[in-house]
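Contents: one structure, followed by commentary.
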Amino acid sequence: METPVLKCGNLVLGELDPVLRAVRDTGPVARVRTPAGDDAWLVTRLAELRQLLLDPRLGKTHPDPAARPRYVRTPMFDLAVSGAEPAAARERHGDIRAALVPHFTGRKMRRLAGRVAVLVDEQIDEVLAAGPPADLHNDFSLPLSFRVLCDLVGVPDSGGFLALLLGAGEVDAEHTAAAALDELYAYLRRLAAGKRVSPGDDLASTLCEVIPDDDDVAGLLALASFSFLVTPSNLSAGIALLAGHPGERDRVRADPRLLDTAVEEVLRVGRVAESCVPRYAAEDIAVAGVVIRAGDLVLCDHYSTGFDDRVFPDPERFDVGRRPNPHPAFSYGLSHCIGAPLARVELRAAYAALLRRMPDLRLTVPFGEIPMLGGEQGDQVGGSIARLPMTW
Ligand code: HEM
């Protein structure tokens with residue numbers, strides 16, 4: 001069999017892509033060619049994904065970063081990979097997490113949950129005032145998620161910040177993406193300097209209290225902001241899934257206690273791209289009958305592993321009551337998503353309010369024809385819904 005080529009986006013929402021299914025049939029850890037044209041291993045089964053992400057021999061370092069195999073051509077991923085010694089890199093990663101984690105727990109989450117509910121209602125007010133039809137991705141999910149991000153980080157101007165973030169995440173536009181990344185860092189350094197003089201109740205200010213260097217604060221804020229970028233896509237995917245499965249939508253509307261399991265189900269299948277986090281083997285690793293060689297690229301796919309039929313019965317069924325649902329959306333171990341509680345709060349608040357305030361919300365295009373990013377639309381790391389045409 002010829003090595004399958006990953007395409008990074010344009011998958012059918014809620015279904016396992018046929019190319020990825022064929023790759024999975026060749027094994028839990030299978031050979032693929034990346035969108036950047038390099039050879040890699042794709043992890044296609046949940047057990048192996050978890051095992052490898054918890055394995056300290058797999059990390060974000062490569063002995064020769066310039067010559068390493070690449071997943072997609074974007075400077076955003078280049079930032080994450082260093083030539084450092086693996087143990088030192090893990091220690092630094094642990095330090096970064098230690099600086100961020102306190103801002104996503106307890107009192108801060110409760111304060112943010114209140115703010116998120118207000119922002120959700122304001123965003124729906126705007127959509128209702130403009131009247132149907134609407135593009136709920138660009139008129140709801142994207143602006144809402146960025147308002148939440150700005151509130152979290154402590155950024156006053158969401159427009160300029162959003163343009164820099166999206167610019168830095170573009171695929172196959174390395175020159176402009178690198179320029180946007182430089183500008184983003186300069187922006188975040190200026191933000192940090194300002195917070196030292198006039199602090200607020202936000203992530204930038206609290207990081208400034210414990211980290212003396214503005215460059216380091218900017219790096220952490222960039223990491224949190226890039227990580228945040230997946231939220232609007234997931235949010236829109238969930239709106240589309242609920243609208244495209246009226247029976248499931250009506251189950252949640254009839255019993256709002258199902259909102260929590262519905263959010264988990266959206267997190268499991270609400271992807272429109274392979275969702276790969278690139279890692280490199282520091283040593284040879286024998287797993288699932290293959291040997292990953294030191295220096296090899298390993299793509300830990302959080303998309304196809306959500307459809308693993310060894311774990312999820314009838315995996316392509318969108319079931320708002322699915323239990324148990326041990327999906328991999330937020331990853332594992334040292335990679336586990338720090339913003340998971342915030343993402344859950346935002347998705348839950350948005351679906352609750354939309355079901356309540358826009359009960360007749362429906363797609364104006366067939367479910368399988370929702371426009372995705374890619375091709376002429378340009379591409380983003382992790383892909384996304386491009387437009388979500390809806391009426392009510
Ligand atoms: C539905 C929305 C989200 C999903 C599916 C998601 C998923 C993920 C995944 C898979 C990772 C691991 C990435 C890697 O290993 O390279 C990650 C990391 C991370 N996420 Fe999220 N995320 C979401 C929302 C958020 C939000 C709202 C924030 C808040 C700022 C956030 C902050 C982070 C951070 C800081 C990391 C880096 C953790 C580390 O490297 O130690 N995420 N996320």
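The values are calculated or read from the model by the stated rules, or taken from the named source; none is laboratory data. This is a predicted model, so every value here is computed, not measured. FYI the Cβ positions are ideal-geometry reconstructions off the backbone, even for glycines, and counts take in every protein chain you see. Just the protein is used for accessible areas: all its heavy atoms, side chains included, with ligands, DNA and RNA removed. Shrake-Rupley method; radii C 1.70, N 1.55, O 1.52, S 1.80 Å.
Before moving on, here are some points about what is shown:
- Scanning the range 103-125 for residues that are within 15 Å of the ligand (Cβ to nearest atom) and either touching a strand residue (DSSP E or B) at 6+ places or on another chain (Cβ under 7 Å) or without any contact (Cβ under 8 Å) to a residue 40 or more places away in the chain (or both) yields Lys108, Arg115, Leu119.
- Those residues of the range 200-245 which are within 11 Å of the ligand (Cβ to nearest atom) and open to solvent by 10 Å² or more (accessible area, probe 1.4 Å), in sequence order: Leu220, Leu223, Ala224, Phe226, Ser227, Phe228, Leu229, Val230, Thr231, Ser233, Asn234
- The set of residues in the range 47-59 that are more than 15 Å from Val291 (Cβ to Cβ) and open to solvent by 10 Å² or more (accessible area, probe 1.4 Å) comprises Ala47, Arg50, Leu53, Leu54, Pro56, Gly59.
- Of all the numbered requirements in (1) of a type in the set (D, E, K, R); (2) closer than 30 Å to Arg57 by Cβ; (3) open to solvent by less than 30 Å² (accessible area, probe 1.4 Å), Glu265 misses one, and that requirement is (2).
- Against the conditions (1) among the β-branched types (Val, Ile, Thr); (2) under 24 Å from the mean Cα position of the chain (by Cα); (3) open to solvent by 40 Å² or more (accessible area, probe 1.4 Å); (4) more than 15 Å from the ligand (Cβ to nearest atom), Val197 satisfies every one except (2).
- Any chance Arg251 is among the charged types (D, E, K, R) and away from the ligand (no atom under 12 Å from the Cβ): yes
- Within the range 341-363, residues that are of a type in the set (Ser, Thr, Tyr) reach partners that are more than 16 Å from the ligand (Cβ to nearest atom) with beta carbons closer than 8 Å, at six or more positions or on different chains, in the pairs Tyr351/Val252.
- Within the range 33-58, being at pLDDT 95 or above and hydrophobic (A, V, I, L, M, F, W, C) holds for Ala40, Trp41, Leu42, Val43, Leu46, Ala47, Leu49, Leu52, Leu53, Leu54, Leu58.
- Of all residue pairs spaced 6 or more apart or on separate chains, those with beta-carbon atoms under 6 Å, a first member in the range 126-143 that is assigned to a helix (DSSP H, G or I) and a second member that is open to solvent by 20 Å² or more (accessible area, probe 1.4 Å) are Val127/Asp139; His137/Arg387.
- Residue count for the range 329-371 satisfying the condition of being over 12 Å from the mean Cα position of the chain (by Cα), in a helix (DSSP H, G or I) and not acidic (Asp, Glu): 20.
- Every residue from the range 59-82 that is in contact with a Pro (Cβ under 9 Å, 6 or more places away or on another chain), of a type in the set (A, V, I, L, M, F, W, C) and over 17 Å from Thr34 (Cα atoms): Ala80
- Applying the criterion of being of a type in the set (A, V, I, L, M, F, W, C), open to solvent by 30 Å² or more (accessible area, probe 1.4 Å) and in a loop (DSSP other than H, G, I, E, B) to the residues of the range 268-292, the residue that is farthest from the ligand (Cβ to nearest atom) is Ala288.
- Screening the range 340-383 for residues that are surrounded by 20 or more Cβ atoms within 10 Å (Cβ to Cβ) and small (Gly, Ala, Ser) and picking the one that is modelled with the lowest pLDDT gives Gly382.
- Residues of the range 14-46 satisfying the condition of being within 15 Å of His302 (Cα to Cα) and open to solvent by 70 Å² or more (accessible area, probe 1.4 Å): Glu15, Arg21
- Residue match in the range 304-317 (condition: part of a loop (DSSP other than H, G, I, E, B), open to solvent by 10 Å² or more (accessible area, probe 1.4 Å) and within 16 Å of the ligand (Cβ to nearest atom)): no
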